[in-house]
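One structure is given here, and the rest of the page talks about it.
Where a number appears in this text, it was derived from the coordinates with a stated rule and is not lab data. Treat the numbers as computed from the prediction; the structure is a model and nothing was measured. Ideal geometry is used to build each Cβ from the backbone, glycine not excepted, and the neighbour counts take in all protein chains shown.
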Amino acid sequence: MASCVLAFDFGGTRARCALVGRDGSRLALEVRDRPAEADGRGWLERMIQAARELRAAHPEHAPLAIGVSFGGPVGTDGRIHSMHVSGWEHVDLAGMVSSEFSLPCAVDNDANLGAYGEYRYAPDVRGRDLAYFTVSTGVGGGFVWKGKPFRGAHGLAAEFGHIPVCPDDPSAPVCACGKRGCVESLASGRAIELAGREALKAAEREAAEGFNAGDVFAAAVRGEAWARPVRDRAVGALAWGVASILCVLDLPLVVLGGGVTQAGEALFEPLRARIEGYLPLVLRGRAEVRPAALGQFSPLLGAAALAWDRLDAEHG
Ligand SMILES: [Zn+2]
């Protein structure tokens, strides 16, 4: 019987669970969308059921520990504090999952674990510390420092999305955190989509069905006049965030994941140029900036790495 760990990744609208080997290989995977009517507890119950089915279908793999990635703040006591889902407030998620399976369990924020998943399992990291930005509906962040996710005094380190870019500009959009002009309020998928819709309206054009941030990047590459200022503002805000992190930490690698990064070089090419422009001469050309090698699975595999760490700590 092969040993493995059980990993969960709770995102905003979708959750995954998987059995994962020590080398990061996914032995089996279940992906479930959150049912619209389910609160946090109801969703957890469904994912626990999915994990039970996964174990039953793969009796040859015996999980020894559990890691959970959670798409919201996780305190230093391991409690999750909030999410865009009711029923998740101040919940001991690790304790609940641990008692369901009678296995040790560790939990962390999805962006911290995105960073850690890339650090542990992306093929070309080679032991380099790194920062990870997730750019999707919102903007999250995490970084690995001296080989471990850095969590800060309150478990709230690396809120890259709330780095202020232009907090005193009354024309800047209000952020979900209550401030104006954060990286997230300018560069998230939602922000880019909204700004794109406004720019199209001003140009007296209709947004196509399913219009999103990717359409803005594609139109900017085609040279469409309405799209370029929208792209440039978003890319500028994201570059401001990345350059700020590099000025503080001088990391050798910055990885970006999340739906917006599916724009590929239409995003990364102008982003790298802006980052260079925002860095002092001495830091230019030092850090590699690239898409997440593990794609959407970085947080899930980070949760698996956390579970292996937990196991190793218990066994000395
Ligand atoms: Zn904010």
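Angle, helix 298-314 long axis vs. longest principal axis of the chain, Cα atoms, 0 to 90°, nearest 10?
40
Rank the residues 265, 206 as a footprinting-exposure proxy: fewest other Cβ atoms within 10 Å of their Cβ go first.
Arranged by neighbour count, lowest to highest, 265, 206 become 206, 265.
Going Cα to Cα from residue 201, which aspartates and glutamates come in below 19 Å? Please leave out same-chain ones fewer than 8 positions away.
Residue 201 reaches 193, 209, 215, 224, 232.
Gap in Å between the Cα centre of the stretch 9-55 and the Cα centre of the stretch 253-297?
30
Would you please calculate the Kirkwood hydrodynamic radius of the stretch 78-137 over all C-alpha pairs and express it in Å, rounded to one decimal?
Kirkwood hydrodynamic radius for the stretch 78-137: 13.7 Å.
Calculate the dipole size of the stretch 1-131 relative to its Cα centre from +1 charges on Lys and Arg beta carbons and -1 charges on Asp and Glu beta carbons; express the result in debye to the nearest 20.
Using Cβ point charges on Lys, Arg, Asp and Glu, the stretch 1-131 gives about 260 debye.
So how strong a dipole does the stretch 117-207 carry about its Cα centre when Lys and Arg Cβ are +1 and Asp and Glu Cβ are -1, to the nearest 20 debye?
Rounded to the nearest 20 debye, it is 440 debye.
Based on other C-beta atoms within 10 Å, arrange 25, 69 from fewest to most.
25, 69
If each residue's Cβ is checked for other Cβ atoms within 10 Å, how do 145, 88 rank with the fewest at the top?
Exposure proxy ranking, most exposed first: 145, 88.
Between 138, 117, 147, find the one with the highest GNM mean-square fluctuation for the chain; connect C-alpha pairs within less than 10 Å.
Result for the chain, Cα springs under 10 Å: 147 fluctuates most.
What angle do you read, to the nearest 10 degrees and between 0 and 90, between the alpha-carbon axis of helix 189-202 and the longest principal axis of the chain?
30
Which trypsin sites (Lys or Arg not before Pro) from the stretch 194-242 combine a DSSP loop assignment with at most 10 other Cβ atoms within 10 Å?
Sites meeting the loop and neighbour criteria: 222.
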